[in-house]
Structures are given as C-alpha cells and as structure tokens.
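The values are calculated or read from the model by the stated rules, or taken from the named source; none is laboratory data. Fair warning: this is a prediction, and the values are worked out from it, not measured in the lab. Note that we place each Cβ from the backbone using ideal geometry, even for glycine, and neighbour counts take in every protein chain shown. For accessibility, only protein heavy atoms count, side chains too; no ligands or nucleic acids. Shrake-Rupley method; radii C 1.70, N 1.55, O 1.52, S 1.80 Å.
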Amino acid sequence: MSSFEEHKFKHAKVEVVRAQVERFRKFYSDYFHLEETISMVEYFFETIYNLDGKEAWMHLALDTYQKVKGMMKETTRANLETLIELNNLTDHLDSEMAQLLIQRDWDGKKLSREEYDDLYKAYGHKEEREKQLEIVLHNLRTFYELAHKPISAYLIRPARFMAGLLGVSLLFDSVEKAYNAVLPVSPEIFVSFIEQVERRESEYLEAAFLNGKQPKEPPA
C-alpha cells in the first residue's frame, strides 16, 4: 500500500468510526446527557472506538500480553481478554468497511446517517455484528458487576501494580477506565440502559439484514 493509499485508508477508517459514534450518540442521547451515565456511554460507545495509542495497545494485546497472561489473576485476565476481543473484532469490521467505502469512490466528505446505514448494510457480515453486540453487552454487565462488588476497590491497586511489573499497564488502564465508568451508575438506570441497548441494536441489525428497511430512529 502506497503512502497515499495508506493515508486515504486511515482517513476512511476515521470517518467510519466517527459516523458510528455519531449514531450511538443519537440512539442513546439521554444517557450521554445524564450525569451518572456520561462516563459509561462515553467509554463503551466512544472511547473504545477511538482508543488512544491504539497501535501500541494492539501490539501489547498481540505480543506482550500473550507472554504474561498466565501470571495474572483470573478476573483481571478475563476482563482484559473480553476488551481485547471486542477491540480486535471492532477494528477488523471498521477496517473492512473503510475499504468498502474507498471502493465506492468516496469523496472524503462526512458520511450522512443514510450513507452510513447504506454502507453498513452493504458490508453485511451479520454474524460478526451479532457477535460484536454480544461482547459489548457482556462487557457492560461484567464490568458493572465487578465495579459494584465491595472487594473490587481493594483489588484494583494490586492488579494495577502487577500490570506495571508485567509491562501491560496500557492494557490494564482500559480495564480500570471501564471499571470507573460504570461505578456511579445505579442498578435501576443500568438495567434500563442495558435493555435499551439490546433492543435498539437488535432492531438496527434486523433492519439492516432481514427486511431491508432503514434502521429505526429512536424516539425524539
């Protein structure tokens, strides 16, 4: 890939991610404006898609982590691995959508919601999209349960220390941010949020892959 092609690909990928995050912000706008849920939705629907230092993060996930995972506590290892799985799958899907966007002679402009939905449907890969949603919901539930166990607050510091010794602090930072993001959320609001995500994302998938209609907009 030439430097020009690489630049165009990166630009297309950034636009795919931007359009996806914009959809999330519209679908779950109430939660992006509710004080106790802002951190949660920003992390799981924005930060995870725009991960700072993504290349370094991916390198650690693919290389260093594999060498040291046997030395980590089971809970820390499991939480890291679900984040790695989500990040790898999402990056794969975003990359392939970016390639499809380029093949469609994209002019470099921002995608409208209609253009993004059309690209999403044209790309397809229904099973991978269902898997992506499954992992997102699993991560949300897992981190919420972890954050609301009283003992967890006492386990974070030694886990962070061990991650530093093993050279995977950058990966553990993602776990800690997820933990902190769901900590302020009450059980009632969390249950309501999970139900909305499961319903709205399932409707979006159904509209894209089953009946060919435009995905439903959330109520104004």
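So which residues in region 101-146 are crowded, with 17+ Cβ neighbours inside 10 Å and either of a type in the set (Lys, Arg) or under 19 Å from His11 (Cβ atoms) (or both), if there are any at all?
Matches in region 101-146: Leu101, Trp106, Leu111, Tyr116, Leu119, Tyr120, Tyr123, Arg129.
Taking region 148-161 as the search range and keeping residues that are in a loop (DSSP other than H, G, I, E, B) and over 18 Å from Thr37 (Cα atoms), which one is modelled with the lowest pLDDT?
Across region 148-161, the extreme among qualifying residues is Ile151.
Regarding region 162-184, can at least one residue be identified that is modelled with pLDDT of 85 or more, over 26 Å from Tyr65 (Cβ atoms) and not hydroxyl-bearing (Ser, Thr, Tyr)?
Checking region 162-184: at least one residue is modelled with pLDDT of 85 or more, over 26 Å from Tyr65 (Cβ atoms) and not hydroxyl-bearing (Ser, Thr, Tyr).
Only residues that are open to solvent by less than 40 Å² (accessible area, probe 1.4 Å), part of a helix (DSSP H, G or I) and in contact (Cβ under 8 Å) with a residue 40 or more places away in the chain: list them for region 10-28, please.
Matches in region 10-28: Ala12, Glu15, Val16, Val17, Ala19, Gln20, Arg23, Phe27.
Here's the yes/no breakdown for (1) among the small types (Gly, Ala, Ser); (2) in contact with a strand residue (DSSP E or B) (Cβ under 6 Å, 6 or more places away or on another chain); (3) not in a loop (DSSP other than H, G, I, E, B):
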site: Leu89; (1), (2), (3): no, no, yes
site: Glu96; (1), (2), (3): no, no, yes
site: Ile102; (1), (2), (3): no, no, yes
site: Trp106; (1), (2), (3): no, no, no
site: Lys109; (1), (2), (3): no, no, no
site: Tyr116; (1), (2), (3): no, no, yes
site: Leu119; (1), (2), (3): no, no, yes
site: Ala122; (1), (2), (3): yes, no, yes
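Provide a single number: the residues in region 60-97 that are more than 14 Å from Leu166 (Cα to Cα) and at pLDDT below 70.
Going through region 60-97 one residue at a time, the tally reaches 1.
List the residue pairs whose Cβ atoms are under 6 Å apart, where the first residue sits in region 180-208 and is outside any helix (DSSP H, G or I), the second is loosely packed, with under 15 Cβ neighbours inside 10 Å and of a type outside the set (Gly, Ala, Ser), and the two are 6 or more positions apart or on different chains.
Close Cβ pairs satisfying both conditions: Pro184/Glu36; Val185/Glu36.
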